[in-house]
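Participant: Would you mind keeping the following structure in view while I ask a few things?
The values are calculated or read from the model by the stated rules, or taken from the named source; none is laboratory data. As the structure is a computational prediction, the values presented were derived from the model and not from experiment. Note: ideal-geometry Cβ built from the backbone for every residue, glycine included; neighbour counts use all protein chains shown. Just the protein is used for accessible areas: all its heavy atoms, side chains included, with ligands, DNA and RNA removed. Shrake-Rupley method; radii C 1.70, N 1.55, O 1.52, S 1.80 Å.
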Amino acid sequence: MSDTAEKVKKIVVEHLGVEESKVTTDASFIDDLGADSLDTVELVMAFEEAFAIEIPDDAAEKITTVKDAIDFIEKAKA
Amino acid sequence: MFGRMTAPRRVVVTGMGIACPLGLGVPHVWKRMLAGESGIGAIQSFDTTNLAAKIAGQVPNGTKADGGLDLNEWIPTKDQKKMDRFIQLALVAATEAVEDSGWMPEDEESRCRTGVMIGSGIGGLPTIFEASILISQGKQRRISPFFIPSALINLASGHVSIRYGFKGPNHSVVTACATGVHAIGDAARLIAVNDADVMVAGGTEAAVAEIGMAGFCAARALSTAYNDDPTKGSRPWDEGRDGFVMGEGAGVLVLEELEHAKARGAHIYAEVIGYGMSGDAYHITAPADGHEGAFRAMRAALEDARMQPSDIQYVNAHGTSTPLGDDLELEAVERLFGDEARNVAMSSTKSAIGHLLGAAGAVEAVFSILAIRDRVAPPTLNLEKPSRESAIDRVALHAQERPIDVVLSNSFGFGGTNASVIFCRAA
């Protein structure tokens, strides 16, 4: 697992209060991890902070799974 | 009420919960209060260097088992950041009250007949403070999506309803330091006129933060002379008083229609028998001469209860320990009771826990009801030398066993708002 993936999963575990084992790459924040729309906004803010990047609102709306987040962050940092 | 044809339904108290500077849990807090213990101390949770007032009553940390607060025992960690402390404290007190009442609606109709009315005087002031700092730093995009729902006063009621699935009236009261009494009185009326069968009602406050302390300091409302001797700071009616000591906490009652409570065999603590309100129309913070607004609120509560002053054995005073307010309230109570003044006891439990603002009337409702249950008047701590003599026994320093069956409790708020509620022993 890349450093990014590991960091993303750690943030998800912390913010959503879910078991680490449930945070699979394909997991959807809302459908699988019990987040609501406000939780996802906060998650995106946490990613911005942790990776020192900016995620525009239209991009943030498309980040619905752990994989979406990892892909966006890796592209943004590349 | 328009065209009400039937008599109002009777309302009783079937559950109680409390979080205050003396700790968590009704039995624990009451035991400490009757023992004359104080919950006031030096503020440790933030730096008070630049504040004139450096003492307050804060809910002690600890575990449920020892009467202290560990939030993780009450609210999932991930949800804690979605709510200001005033909501967290409301959830703690509401959880105790609901469990104490044993009321857990099992069908949709019962859920829809169970409502919540928990108010707050100020709400999420610390949360607003923190968001303001981000904005002043140009970090508007860092404002949490939970900022607004964390700060909104009615979210205390909202969270309690969500936790238990109570789908009846979901309401909230904001009347400064009269909030707690208004919430209980208004909720009782909702039951009386058949809008609900059960209401979870009370008040909550958590303004012991730099912004809250600085604001009340600026209004010259807080005690500053006892920073080195915190437990002496709250001293209602004493000649050495110099302002109130701020406290935090929450009080919650489960109110229930009498027949509903009887039908399920609920334990009934007391009946809510009278409720009265008034406005001063005088000044934003100061009470009017003679506190005639307080007088009218108390008289209205007596009329509502169809009682005479001689029916009341104990008054739980607003008594905040401010130089002006304490004696004016005393004057109004003396005027109301006339020759009966010598037979009534009146104390201020704020002497032990400070002034809980929007939660004050609610925690004092708990103490008033316990005074009936145990036939004991809780003490006014630090009342060593009254600034004014009175025929009314103000229960100085030590609790007193007295034949208490009916209690009147007062709360008055900034804006010139006054509320009184009367509880009596359930027949």
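Participant: If I compute solvent accessible area with a 1.4 Å probe over the protein chains, what percent of it on the protein assembly as shown is carbon and sulfur?
Facilitator: Ligands and nucleic acids excluded, carbon and sulfur reach 52 percent.
Participant: Here is a follow-up. Could you give the spread of the C-alpha atoms of the stretch B:288-339 along their three principal axes, from largest to smallest, in whole angstroms?
Facilitator: 33, 20, 19
Participant: Peptides B:12-21, B:409-418: what's the order by average Cβ count within 10 Å, highest mean first?
Facilitator: Sorting B:12-21, B:409-418 by mean packing, highest first, produces B:12-21, B:409-418.
Participant: Additional query: Tell me whether the protein assembly as shown comes out rounded, prolate or oblate; compute the Cα gyration tensor, take square roots of the eigenvalues as a ≥ b ≥ c, and use a/c under 1.5 as the rounded threshold.
Facilitator: Prolate, since a/c reaches 1.5 and a/b exceeds b/c.
Participant: Among the residues of the stretch B:137-157, which ones have their accessible area go down by 50 Å² or more when all the protein chains sit together, as opposed to their chain alone (1.4 Å probe)?
Facilitator: B:Arg141, B:Arg142, B:Pro145, B:Phe146
Participant: Sticking with this one: Give me the net charge of B:Leu89's neighbourhood, meaning all other residues with Cβ under 15 Å from the Cβ of B:Leu89; Lys, Arg count +1, Asp, Glu -1.
Facilitator: Result for the neighbourhood of B:Leu89: -3.
Participant: I've got another one for you. Separation of the stretch B:170-231 and the stretch B:261-300 by C-alpha centroid, Å?
Facilitator: 14 Å
Participant: Pick out, from A:Pro56, A:Ile70, A:Val44, the residue whose Cα sits farthest towards the positive end of the charge dipole of chain A, with +1 on the Cβ of Lys and Arg and -1 on the Cβ of Asp and Glu.
Facilitator: A:Ile70
Participant: Just the number please: accessible area per residue for the stretch A:3-77, 1.4 Å probe, all protein chains included, in Å². List each step's numbers first, then the result.
Facilitator: Working: 4220 Å² over 75 residues.
Spelled out: the 1.4 Å probe surface of the stretch A:3-77, per residue, equals 56 Å².
Participant: What residue among B:Ala294, B:Ala183, B:Ala151 has the largest mean-square fluctuation in a Gaussian network model of chain B, using Cα springs under 10 Å?
Facilitator: B:Ala151
Participant: While we're here: Compute, for the stretch B:44-140, the length of the dipole vector about the Cα centre, with Cβ point charges of +1 (Lys, Arg) and -1 (Asp, Glu) only. Units Debye, rounded to 20. Before the final figure, lay out the partial values.
Facilitator: Numbers: 9 positive and 14 negative charges, 125 e Å.
So the magnitude is around 600 debye.
Participant: Same structure, new question: Separation between the B:Lys81 and B:Arg373 pseudo-spin-labels, each 7 Å from Cα along Cα→Cβ, expressed in nm?
Facilitator: 3.8 nm
Participant: What size of dipole, in debye to the nearest 20, comes out for the stretch B:276-425 about its Cα centre when the only charges are +1 on Lys and Arg C-beta atoms and -1 on Asp and Glu C-beta atoms?
Facilitator: Numbers: 13 positive and 20 negative charges, 71 e Å.
Value, rounded to 20: 340 debye.
Participant: Of A:Lys10/B:Lys139; B:Lys31/B:Lys54; B:Lys31/B:Lys350; A:Lys77/B:Lys78; A:Lys67/B:Lys78, which sit over 19 Å apart, Cα to Cα?
Facilitator: Exceeds cut-off: A:Lys10/B:Lys139; B:Lys31/B:Lys54; A:Lys77/B:Lys78; A:Lys67/B:Lys78.
Participant: Now a separate question. Output needed for the stretch B:12-264: three equivalent-ellipsoid semi-axes, defined as square roots of 5 times the C-alpha gyration tensor eigenvalues, in descending order, whole Å.
Facilitator: 31, 23, 16
Participant: Next up: Taking just the alpha-carbon atoms of chain B, what radius of gyration and Dmax come out, in angstrom?
Facilitator: For chain B, the Cα-based Rg and Dmax read 20.1, 65 Å.
Participant: Let me ask something else. In Å³ and rounded to a whole number, note down the convex hull volume per residue for the Cα atoms of the stretch B:6-78.
Facilitator: 212 Å³
Participant: Cα atoms only: what Rg and Dmax, in Å, come out for the stretch B:353-427?
Facilitator: According to the Cα coordinates of the stretch B:353-427, Rg and Dmax are 13.4, 39 Å.
Participant: Given bins 5 angstrom wide, list per bin the percent of all Cα-Cα distances in the stretch B:66-142, short to long.
Facilitator: 3, 11, 17, 17, 18, 15, 9, 5, 4, 2, 0
Participant: On to the next question. Around B:Phe337, what is the net charge, scoring Lys/Arg as +1 and Asp/Glu as -1 over all other residues with Cβ under 12 Å from its Cβ? Show your work: numbers first, answer last.
Facilitator: Details: positive: B:Arg299, B:Arg335, B:Arg342; negative: B:Asp311, B:Glu331, B:Glu334, B:Asp339, B:Glu340, B:Asp393.
With Lys, Arg at +1 and Asp, Glu at -1, the net is -3.
Participant: Something else about it: To the nearest 0.05, what FRET efficiency results for B:Asp107 and B:Glu73 with a Förster distance of 41 Å applied to their C-beta separation?
Facilitator: 0.85
Participant: Just to be sure I understand the interface: list residues from the stretch A:29-60 that lose 40 Å² or more of accessible area between the chain on its own and the complete protein assembly, 1.4 Å probe.
Facilitator: A:Leu38, A:Glu42, A:Met45
Participant: What total accessible area, in Å², is buried where chains A and B meet, using a 1.4 Å probe and rounding to the nearest 100? Walk me through the numbers before you get to the answer.
Facilitator: Details: alone 5000 and 16730 Å², together 20710 Å².
Result for this pair: about 1000 Å² buried.
Participant: Would you kindly work out the equivalent ellipsoid of the stretch B:276-425 from its C-alpha gyration tensor and give its semi-axes, the square roots of five times the eigenvalues, largest first in whole Å?
Facilitator: 20, 17, 15
Participant: Can you give the Rg to Rh ratio for the stretch A:3-77, taking only C-alpha atoms and Rh from Kirkwood?
Facilitator: 0.91
Participant: Under 5 Å between amide H atoms, partner at least 5 residues away or on a different chain: which partners does B:Val11 have, H built in plane at 1.01 Å?
Facilitator: B:Leu258, B:Val272
Participant: Please give the peptides B:154-162, A:14-22, B:132-140 ranked by average Cβ packing (other Cβ atoms within 10 Å per residue), highest first, as a rough proxy for protection.
Facilitator: Listed from highest to lowest mean packing, they are B:154-162, A:14-22, B:132-140.
Participant: Read phi for every residue in the stretch B:410-416 and hand back ³J(HN,Hα) as whole Hz from Karplus 6.51 cos²θ - 1.76 cosθ + 1.60, θ = phi - 60°, with x for Gly and Pro.
Facilitator: Karplus-based 3J(HN,Hα) across the stretch B:410-416 equals 10, 9, 10, x, 3, x, x Hz.
Participant: Treating only the Cβ atoms of Lys and Arg (+1) and Asp and Glu (-1) as charged, compute the dipole magnitude of chain B about its Cα centre; round to the nearest 20 debye. If you can, show how the numbers build up before the last one.
Facilitator: Numbers: 38 positive and 50 negative charges, 163 e Å.
Computed about the Cα centre, the dipole is about 780 debye.
Participant: Related question: Counting only heavy atoms of protein chains, what accessible area per residue, in Å², does the stretch B:12-264 have with a probe of 1.4 Å?
Facilitator: Roughly 37 Å² per residue, with all protein chains present.
Participant: Using alpha carbon centroids, what distance separates the stretch B:354-385 and the stretch A:37-53, in Å?
Facilitator: Cα centres, the stretch B:354-385 to the stretch A:37-53: 46 Å.
Participant: Shifting gears a bit: With each label point set 7 Å from Cα along the Cα-Cβ vector, what nm distance links B:Ile128 and A:Lys75?
Facilitator: If labels sit at B:Ile128 and A:Lys75, their model points lie 4.1 nm apart.
Participant: Bin width 10 Å, origin at 0, all Cα-Cα pairs of the stretch A:11-50: what percent of pairs per bin?
Facilitator: For the stretch A:11-50, the pair-distance distribution reads 31, 61, 8.
Participant: Quote the relative contact order of the stretch B:276-425 in percent (integer), defining contacts as alpha-carbon pairs under 8 Å separated by 6+ residues.
Facilitator: Once divided by the residue count of the stretch B:276-425, the mean separation gives 34 percent.
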